[in-house]
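What follows is a set of notes on a single structure, which appears directly below.
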Amino acid sequence: MLKVAVLISGTGSNLRALLEAASDPSYPARIVAVGADRAAAGLAHADEFGIPSFTVPFADFASRDEWGEALERELAAAAPDLVVLSGLMRLLPRGVVARFAPQIINTHPAYLPEFPGAHGVRDALAAGVDQTGASVIVVDDGVDTGPILAQERIPVLPGDTEDTLHERIKPVERRLLIDVVRRIATGELRLDAPAIP
Ligand code: GRF
């Protein structure tokens, strides 16, 4: 049974989808911890499902590295097999990535390598494209530059706002994420194997 820790910063709708999937006994992974870099609303989902959670407020630390060290300690205490970033709006310090890589994956609301970074939805709208997407990638030291594990195209509709487009993207992200975690748990998807060309 794959032990998964999830890191969030926001509403945690993707986290909730994982919690619901993992509450099915046939799903080969379980969430062992939920962490946040602030008092994220999504932590309530962990409480509802009885999953331990922790908060490492970025604002409480003098530097990103000190924050990262505290986050790494909390994550290590949960001893996860996989770390999922799902709405964590912080770049992880190199030390955290190095500690858990390649068993760290991230969901992103764009069709990477298009529109990386913290505003993928807003950037796609601003670019005037007629389609964007959702992606699940392995986290490396770059900004959304890791190997792509799954992605899917999503239309941008006339009149879309950042919110309407993001809400159309999120269900696709959740479906991709749940499937990628399942495939990692079954061994079908190996993160330490070189990506198949
Ligand atoms: C998701 O689209 C995620 O990819 C992005 O922020 C959003 C988080 O949404 N980084 P939620 O907190 O899971 O509702």
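The values are calculated or read from the model by the stated rules, or taken from the named source; none is laboratory data. Source: prediction; values computed, not measured. Reconstructed Cβ throughout: ideal geometry from the backbone, glycine too, with neighbour counts over all protein chains shown. The area values use the complete protein model at the heavy-atom level, side chains included, leaving out ligands, DNA and RNA. Shrake-Rupley method; radii C 1.70, N 1.55, O 1.52, S 1.80 Å.
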Determine if region 179-195 includes at least one residue that is within 12 Å of the ligand (Cβ to nearest atom) and on the phi < 0 side of the Ramachandran plot.
no
Somewhere in region 60-76, is a residue touching a Leu at 6+ places or on another chain (Cβ under 6 Å) and open to solvent by less than 40 Å² (accessible area, probe 1.4 Å)?
no
Looking at 16, 30 in this structure, which one is surrounded by fewer than 21 Cβ atoms within 10 Å (Cβ to Cβ), among the charged types (D, E, K, R) and within 13 Å of the ligand (Cβ to nearest atom)?
16
Options 95, 87; residue that is open to solvent by 20 Å² or more (accessible area, probe 1.4 Å), small (Gly, Ala, Ser) and farther than 23 Å from residue 192 by Cα
87
Selected residue [of a type in the set (D, E, K, R) and touching a Phe, Trp or Tyr at 6+ places or on another chain (Cβ under 6 Å)] from 140, 123:
123
Looking at region 151-170, which of its residues are charged (D, E, K, R), touching a residue at least 12 places away in the same chain (Cβ under 8 Å) and assigned to a helix (DSSP H, G or I)?
162, 168, 170
Tell me, which helices (runs of 4 or more DSSP H) wholly within region 1-118 include 3 or more residues that are under 23 Å from residue 144 (Cα atoms), modelled with pLDDT of 95 or more and acidic (Asp, Glu)?
64-78
Residues being open to solvent by 30 Å² or more (accessible area, probe 1.4 Å) and more than 16 Å from residue 19 (Cβ to Cβ) - total across region 161-188
11
Every residue in region 122-149 that is within 13 Å of the ligand (Cβ to nearest atom), of a type in the set (A, V, I, L, M, F, W, C) and assigned to a strand (DSSP E or B), please.
134, 136, 137
Using the structure shown, decide if residue 131 is of a type in the set (S, T, N, Q) and open to solvent by 70 Å² or more (accessible area, probe 1.4 Å).
yes
Check region 176-191 and report whether any residue there is of a type in the set (Gly, Ala, Ser), more than 13 Å from residue 108 (Cβ to Cβ) and touching a Pro at 6+ places or on another chain (Cβ under 6 Å).
yes
Subset tally (residues that are over 28 Å from residue 132 (Cα atoms), of a type in the set (Asp, Glu) and either in contact with a Gly (Cβ under 9 Å, 6 or more places away or on another chain) or within 11 Å of the ligand (Cβ to nearest atom) (or both)) for region 67-117:
3
